[in-house]
Amino acid sequence: MKIQESPKAALPQTAETPSRFRNPIGKYVLVRNARCVGCGLCATLCPYGVHPRYDVYSRALKPKSHRCIGFACRQNDFYCIDRCPEKALTLRQNPILETLGDFRWPAEMLIGHWEMAETGRLPVVDLETDLGCSGGGFDKIRFRHPDPDQYLDVPDEAVDTGIDLNKRGDGRPKKRLSLPCYGGGMSFGSTALSVMVGRARAARRLNTLTCTGEGGYPPELMPYADHVITQIATGLFGVREETILLAPVVEFKYAQGAKPGLGGHLLGDKVTPEVAAMRETVPGNALFSPFPFHSVYSVEDHKKHVDWVKEINPDVLVSVKVSTPTDVDMVAVGSYYAGAHIIHLDGSYGGTGAAPDIAKKNIAMPIEYAIPKVHRFMIEEGVRDEICLIASGGIRNAMDVAKAIALGADGVVIGTAELVALECVRCGNCESGRGCARGIATTDTELGCMISTQWAEQRLVNMYAAWRKTWCALLRQYGLRSLNELTGRTDLLVHLDYLEPSERATYRPAPEEAIIL
């Protein structure tokens, strides 16, 4: 059997990668007024770099408020508000928190991920990065309180966070990733080219993957081909046999969890001449991906698709992306018997601002129900150990990843969180050519130039490095050495709705619950 093992190198180095913008958004605002005499005491005291100076003889610069830990600093001897001899500093919570974010991605979760992407470390500011305000989904699921006697005192380097993509033993390469995550499909046309290339560069450094989406394979991705999934969707936009030959994994997208039964939709103002050339269409015309593949109406038809790709590329692995209808377990097993290596379940919480709310909120099964349903059915069929089960659709942070794995997944696909690392503010204007004020979800060359590929690469490396710290700490609490040991461990999870009020109160409340309490 051929084995394609990536070298077990150390995790890539994190590096300080500041915001692209002059005034990064933080939880607190620290203001220095005109009474400041430039004594420099605040800069000397603060260990967080909130008070920068050009040199010891110059006046202090504008405070870096996003680094301030806020009112929690009152207990410290270096609390600059009290120690300032001229009383020139004032602190308040940033009022923008009232308008930033949404129920699934509240302001603190956004700010926390920006900090992780900047530093490569978990936030030092008191930010809620694990729970949102959705009132359901992963926000209602918690890990059980650990038994202190189970704690495993091992360093992060001894904890295995990798996953295997090929478990079939079919003679095709064994592909092992160093993280339980890879990047979801974001096509040429939906995001800036610099974002696509930055994601590919980060995937190479992290020994994981990213996906082209259904918009074709830009030549700028060629140097990173070993870490780029080619997606074949119903519109067949940009599908080429030569790019299938490049791919370690080919993904058939039969449905998207955010809009099952609707197909894809790219509005005309994003179809630039470059996008049109890649997709072999007309500039300025809106593009629709039909639903479904009109050549697939049975498992036998599906197998022909899988066999076609395998015949083109003898070393390729095949992933099948499906949404989560009530019979998703039967769909998954059908894909296994068709020869797929990876079953990718895409739940209803996923999608960018381009997916209509009527679809996201009313169609398909939430991913936290779909994962255990498919996991158990695969076990009953006796094939669970031969398939890699990947989940996506609203998996926002490191704890969501761990919860998905404990429910039965081997790993997850990450989309929105990678864009948040690049300073997405969740404004929901992803479908518009010039609607993304942050230059992420755009085909406009002027806006796209706001992001460099090197900057995007390092921000993603930093975020995943911080996530890995969370996974390592979690696994140690339960005496586990690898994320593989966590797969299917639903005994480690609780759902708050099924607990007595007294027991529920022992778990950390979600932000909206904290307000009610």
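Which listed residue (LEU246, ALA72, LEU267) has the Cα farthest towards the positive end of the charge dipole for the chain, taking +1 on Lys and Arg C-beta and -1 on Asp and Glu C-beta about the Cα centre?
ALA72
Report the charge-dipole magnitude of the chain in Debye, nearest 20, computed about the Cα centre from +1 at each Lys and Arg Cβ and -1 at each Asp and Glu Cβ. Walk me through the intermediate numbers first.
Numbers: 58 positive and 61 negative charges, 301 e Å.
Roughly 1440 debye for the chain.
Please provide three numbers in whole Å: the alpha-carbon extents of region 410-454 along the principal axes, with the largest listed first.
39, 25, 15
Can you give the accessible area per residue of the chain, in Å², using a 1.4 Å probe?
Value returned for the chain: 43 Å² of accessible area per residue.
Run through region 67-100 and list the chymotrypsin sites (Phe, Trp or Tyr not before Pro) located in a DSSP loop whose Cβ has at most 14 other Cβ atoms within 10 Å.
PHE78
For the chain, what is the calculated [θ] at 222 nm in deg cm²/dmol (nearest 500), taking -39500 (n - 2.57) for each run of four or more DSSP H residues and dividing by its residue count?
About -8000 deg cm²/dmol.
Between region 30-50 and region 279-346, how far is it from one alpha carbon centroid to the other, in angstrom?
Answer, in whole Å: 58.
With the full set of protein chains in place, find how many percent of the accessible area of the chain is carbon and sulfur; take the probe as 1.4 Å. Intermediate values should be presented prior to the final figure.
Working: 11830 of 22040 Å².
Here carbon and sulfur together make up 54 percent of the probe-accessible area.
When only Cα pairs under 8 Å and 6 or more residues apart are kept, what is the percent relative contact order across region 124-231?
Answer for region 124-231 is 18 percent.
Quick one: check the C-alpha center-to-center distance for region 175-206 versus region 439-453, whole angstrom.
If we compute the Cα centre of each part, the gap is 16 Å.
Averaged over every viewing direction, what's the projected area of the C-alpha convex hull for region 394-516? Give it in nm², one decimal, please.
Value for region 394-516: 10.0 nm².
Ranked from highest to lowest mean number of other Cβ atoms within 10 Å per residue, what is the order of the peptides 408-419, 476-487? The partial results should precede the final answer.
On the way: 408-419: 26.3, 476-487: 17.8.
Per-residue mean Cβ counts within 10 Å order the peptides as 408-419, 476-487.
Rounded to whole Å, give me the distance from the Cα center of region 74-129 to that of region 459-487.
24 Å
Is there a quick way to get the dipole size of region 193-257? I mean about its Cα centre, with the Cβ of Lys and Arg at +1 and of Asp and Glu at -1; what is the value in debye to the nearest 20?
Once rounded to the nearest 20, the dipole reads 260 debye.
Which of the peptides 236-243, 86-93, 107-114 is most tightly packed, and how do the rest follow, going by the mean number of other Cβ atoms within 10 Å of each residue?
Ranking, from highest mean packing down: 107-114, 236-243, 86-93.
The values are calculated or read from the model by the stated rules, or taken from the named source; none is laboratory data. Bear in mind the structure is a predicted one, so any value in this text is a computation, not a measurement. Here Cβ is always computed from backbone atoms with ideal geometry, including for glycine, and neighbour counts include all displayed protein chains. For the accessible areas, the whole protein counts, side chains as well, though only heavy atoms, and no ligand, DNA or RNA atoms are used. Shrake-Rupley method; radii C 1.70, N 1.55, O 1.52, S 1.80 Å.
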